[in-house]
1. Quick one: which residue in ILE193, ILE176, ILE164, ILE246 is modelled with pLDDT of 95 or more, buried (at least 17 other Cβ atoms within 10 Å of the Cβ) and of a type outside the set (Lys, Arg)?
2. If you go through the range 252-276 one residue at a time, how many are more than 16 Å from the ligand (Cβ to nearest atom), surrounded by fewer than 21 Cβ atoms within 10 Å (Cβ to Cβ) and either assigned to a loop (DSSP other than H, G, I, E, B) or under 18 Å from the mean Cα position of the chain (by Cα) (or both)?
3. Counting only residues that are surrounded by fewer than 16 Cβ atoms within 10 Å (Cβ to Cβ) and among the polar types (S, T, N, Q), which one in the range 115-150 is farthest from the chain's Cα centre (by Cα)?
4. Scan the range 51-59 and tell me whether some residue there is surrounded by fewer than 19 Cβ atoms within 10 Å (Cβ to Cβ) and more than 17 Å from the chain's Cα centre (by Cα).
5. I'd like to verify a number: residues in the range 319-351 that are surrounded by 21 or more Cβ atoms within 10 Å (Cβ to Cβ) and part of a helix (DSSP H, G or I), how many?
6. If I ask for residues that are assigned to a loop (DSSP other than H, G, I, E, B), more than 16 Å from the ligand (Cβ to nearest atom) and touching a Ser or Thr at 6+ places or on another chain (Cβ under 9 Å), which ones from the range 451-484 would you list?
7. If you scan the range 485-509, which residues turn out to be among the polar types (S, T, N, Q) and within 16 Å of the ligand (Cβ to nearest atom)?
Amino acid sequence: MATTQSSSFHLRDGNTQSPWQINPLSEALASKNDPPDTSRIYDAIIIGAGITGITTSLLLQKTGKRCLLIDGQQFGFGTTGGTSAHLNTFFDATYPEIERDFGKEAAALTAKAGKEVIAFIAALIKDYQIDCDFDYKDAYLFSETEKESKQLRAILACSQRAGIAVEEASENGVPIPYDQAILFKQQGQFHPIKYTSKLLEAYLELGGDLMENTFIIKNSFDGKCHIAESATAIFKGHAIVYATHIPPGINQFNFRCAAYRSYVLGVRLKDDNYPSALIYDMQEPYHYFRTHHIDGQDYLIVGGEDHKTGHGDPEVAFKRLEDYVRRYYAIASVDYRWSAQYYIPVDGLPYIGQFPNNAPGVYIATGFNGNGMIFGTLSAKIISDLILKHENSYGSLFNPSRMKPIAGFSEFLKENTDAAYHFIADRFTTKEIETAHAIASGEGMVVDYQGQKLALYKDETGHITALNPTCTHAGCIVTYNSAEKSWDCPCHGGRYDLQGHVITGPPLKNLEKISLENDD
Ligand code: FES
């Protein structure tokens, strides 16, 4: 199966293809995008049409609020189109970590949130009769070393104390030798684009406005309402929601969240050894497994080999992941391979609510770690309640203004030492890599060319596109992502396509295009 997306597929922020992209749009969505009324003051402008933005828009529109949902590209273009779509009540921040850093009540509240969100997603699926392959699943977490087993026992005890249905297990659900395993009940999985596209349809049917391919370059507050500006239009609203992971511009969340990429394979097996549960090991970074039935065919979905954005070699990550799967499974073919971006928060929990140091009515939702489907939906509930002035029992725990002393702060500083390094060293030192002519067709690299750093990409016809590799966010030097054919920033996860257009924030401006002397 081809791994390059074509226009008949749902678009995504990269060159690889996730199976969720094979989902022909309904007529309702194909005929959307009527220009909104720019003279209107909306109740809320929601920027970013992934699971967070779409669910927030629907929840608000349902109450009679008038919403405008805006995306720089197409709905589901970012992580929602590249998630591995697990629905869990346990998270990348484990219950022992949440208990240690936030207390037992916070661990219980987080557990309650996870359970409620899965039930809420199931209810939306029922209410809107969404055919999105949703299934409740058991999930195994297993250890392979004595150190991991000790951690696993702590996870079992703290998870139970938090109110999670979890127990010791006598199997781990995959043909991988293990030491100990535990089983979480009532987890879930679904098809993220089938799910969000139907929520989007419901939103449009309620009269919600949608603007795709509209990149917001500036926001302001005139004392009465918020103003969002694209290159060609101005929109006004009483509230603004950044459902864009990191909010744009330079702000504290560039340093409170670190951008990571995760790698996923969709594999056909020679036998019928597909797992019936969701499975996770405890390696660093961990691997995850599940099965999805796509177009009459079962696929083993396996992920892992995560690394900080712009810091690893995607092809090496894919190879390691495939080698790992081949050790335990008889692979007939690897039909899908894709990567997606997520953000690790410094203290483990997401930041959801009023954007600190901004005018009232500006909201953010970020730092979901690898649990974006759950925390994206939770964000929609919290933020819509904030806008509607309803009580929400989770608002204070996830408040972006929390100033907790952080147990893992030294780890965070280490993470962001990278950012500081690139800030200074990459801007003011030069290191010859190669001249432009040494680039292979279909490849990109940053070179020193006539005393200037250039991001060069040579296409299959030999034409070279040259860009200024200085990230327009805060000046780090981008690196070439050979798998996704993009320019990725190693500092805060900003990403650009081969023409230099922003595909992932926080940058707001495109990379500068450079004319080469031999450029026609
Ligand atoms: Fe911050 Fe590039 S994303 S410098």
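The values are calculated or read from the model by the stated rules, or taken from the named source; none is laboratory data. Computed from a predicted model, the values in this text were never measured in an experiment. So basically every Cβ, Gly included, is an ideal-geometry build from the backbone, and we count neighbours across all protein chains shown.
1. ILE164
2. 7
3. Among those that are surrounded by fewer than 16 Cβ atoms within 10 Å (Cβ to Cβ) and among the polar types (S, T, N, Q), it is THR145.
4. No: the range 51-59 contains no residue that is surrounded by fewer than 19 Cβ atoms within 10 Å (Cβ to Cβ) and more than 17 Å from the chain's Cα centre (by Cα).
5. 1
6. GLY451, ASP459, GLU460, THR461, GLY462, ALA483
7. Within the range 485-509, SER486, THR504 qualify.
Yes/no per residue for (1) modelled with pLDDT under 95; (2) among the acidic types (Asp, Glu); (3) within 27 Å of PRO177 (Cβ to Cβ):
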{"position": "PRO285", "(1), (2), (3)": "yes, no, yes"}
{"position": "TYR288", "(1), (2), (3)": "no, no, yes"}
{"position": "THR291", "(1), (2), (3)": "no, no, yes"}
{"position": "ILE294", "(1), (2), (3)": "yes, no, no"}
{"position": "LEU300", "(1), (2), (3)": "no, no, yes"}
{"position": "GLY303", "(1), (2), (3)": "no, no, yes"}
{"position": "HIS311", "(1), (2), (3)": "yes, no, no"}
{"position": "ARG320", "(1), (2), (3)": "no, no, yes"}
